[in-house]
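Structure record follows, encoded as structure tokens.
The values are calculated or read from the model by the stated rules, or taken from the named source; none is laboratory data. Keep in mind that this is a model prediction, so the values were computed, not measured. Quick reminder, even Gly has a Cβ in these numbers, built from the backbone with ideal geometry, and neighbours come from all protein chains shown. Accessible surface areas use protein heavy atoms only, side chains included; no ligands, DNA or RNA. Shrake-Rupley method; radii C 1.70, N 1.55, O 1.52, S 1.80 Å.
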Amino acid sequence: MAIRKTNLLDLDRASLEAFFADRGEKAFRASQVLKWIHQHGARDFAAMTNLSKSLRQQLAASAEIRLPEVIRRQVARDGTRKWVLRLSDGNAVETVFIPETDRGTLCVSSQAGCALNCAFCATARQGYSRNLTAGEIVAQLWIASRELAAPSPGDGARAGTAMRHITNVVLMGMGEPLLNFDAVVTAMRVMLEDHAYGLSRRRVTLSTAGLVPGIDRLRECCDVSLAVSLHAPDDALRDVLVPLNRKYPIDELMAACRRYAAAAPRRRITFEYVMLDGVNDSLAHARRLLAWMRRVPSKVNLIPFNPFPGAPYRCSPPEVIEAFREVLIRGGITTVTRRTRGEDIDAACGQLVGQVQDRTRRSQRFHVVLAGAGS
Ligand code: SAH
């Protein structure tokens, strides 16, 4: 019977060092191999020329660099790119690259589907299948980095002055990252690792719907930027929009955010707030939000609601969003309205659906994103 090979994409530096120690090799082999895989994009051990021939052969026999298959690539009019990746069990997840003049942000998924059931999110409609492995999360970065480095036809016209490489990663794709804690932390360690992607802690952001114990655990073990999907300034409304609130109400969530902010100098928490017409966008809501924001080192991202088929909400009109923003700004809170990106390819916030084998039987409908696969 064939022994399953170790997928080296699943390993951060510490586990790769342990992997080599088991084989009687020195710890520095881990840095060499991390560089080959993540910086040079090597998948073939034969190419790793600073390793001895016998080590390369040993690696080929016991390890591999296994990637999901890209089944769809799309480029939006604004240059936003989306990849649909098929995992080995048939689930599909989405990854999005958002180019701006001063940064290139990769938005990665952490789960196939999502179990949290937020009322305004397309991913929720898909139901939930499973956690991604660390390797499946890291692979999104591996694939996007390689493909962004290779020019493709039609890029010239679109690219303009926009950034062509990944400077920031946000765990804001499909899934709740803190419900897949270990794999997400391992993957973030690879993102931060100098011999892999070398991103700074400020440029890796985990976004959560507010899992309080997860926020505390994260604070203790992996120092990255935190974004919290708040969306409502009081429990009655947040219970409806983000059902997780029934377990972790706003005051407990804010206390966890204060602890997280206090763990690093000058750290601020980003609060995301989706603007839903007539639901959470009044000036009274803005004033209540301001009162919370004054009690935590914070900044606010207002997110225009991105519609999807069957969505029960509409986006607030621009002047309502602006008036809401004014209240926060005048209250001294840095507040930006997030520009919607990539909506013509369903790559905007809350539009990622992939194709998930729903184990929660939530989705009776089937989202046909695989139509045109391979095009
Ligand atoms: N589960 C995590 C990670 C997903 S992040 C979290 O909740 O933070 C995705 C971000 O997009 C979240 O802030 C989410 O609330 C927001 N979002 C979801 N659906 C949206 C929609 N239809 N329009 C705009 N933003 C949406």
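Using θ = phi - 60° in the Karplus curve 6.51 cos²θ - 1.76 cosθ + 1.60, the 3J(HN,Hα) couplings for region 19-27 round to 4, 6, 4, 4, 9, x, 9, 6, 4 Hz; x is entered for Gly and Pro. Heavy-atom accessible surface of Lys5, to the nearest 10 Å², is about 80 Å², with a 1.4 Å probe and all protein chains retained.
Note on region 42-142: semi-axes of the ellipsoid equivalent to its C-alpha gyration tensor, largest first and rounded to whole Å, are 32, 19, 11. By its C-alpha gyration tensor, with a ≥ b ≥ c as the square roots of the eigenvalues, how is region 6-64 shaped: rounded for a/c under 1.5, else prolate for a/b larger than b/c, else oblate? Verdict is rounded for region 6-64.
Counted residue by residue at 0.36 nm each, then reduced by the alpha carbon distance between them, the extension gain from Ser62 to Lys5 reaches 20.0 nm. Here the Karplus curve 6.51 cos²θ - 1.76 cosθ + 1.60, taken at θ = phi - 60°, turns the phi angles of region 35-46 into couplings of 4, 4, 5, 8, 8, 9, x, 6, 10, 10, 5, 4 Hz, with x standing for Gly and Pro. Axis of helix 181-192 versus longest Cα principal axis of the chain: the two differ by about 70°, to the nearest ten degrees.
Which pairs, out of Lys5/Lys35; Lys82/Lys247; Lys5/Lys82, put more than 25 Å between their alpha-carbon atoms? Lys82/Lys247; Lys5/Lys82, as the Cα separations exceed 25 Å there. Scoring 17-27, 132-142 by mean Cβ neighbours within 10 Å over their residues and listing the highest first yields 132-142, 17-27.
To the nearest Å, what is the center-to-center distance of region 248-277 and region 125-154, using C-alpha atoms only? Cα centroid to Cα centroid, the span is 28 Å.
Scoring 330-339, 280-289, 182-191 by mean Cβ neighbours within 10 Å over their residues and listing the highest first yields 182-191, 280-289, 330-339.
Kindly provide log₁₀ I(q)/I(0) values, in the same order as q = 0.10, 0.13, 0.15 Å⁻¹, from the Debye equation applied to equal alpha-carbon scatterers of the chain. The calculated log intensity ratios at q = 0.10, 0.13, 0.15 Å⁻¹ are -0.65, -1.08, -1.39. For region 6-64, the dipole from Cβ point charges (+1 on Lys and Arg, -1 on Asp and Glu) about the Cα centre works out to 260 debye, to the nearest 20. Put simply, the amide H of Ala92, placed in the peptide plane, has neighbours under 5 Å in Leu87, Gln355, Val356, Gln357, leaving out anything fewer than 5 places away on its chain. Close amide-amide hydrogen proximity is noted between Ser207 and Leu171, Ala227, each under 5 Å apart and 5 or more residues distant or on a separate chain (H modeled in the peptide plane; Pro and chain starts excluded).
Ordering of 47-60, 86-99 by packing is 86-99, 47-60, highest average first (other Cβ atoms within 10 Å, averaged per residue). The long axis of helix 318-330 is offset from the longest Cα principal axis of the chain by roughly 90 degrees.
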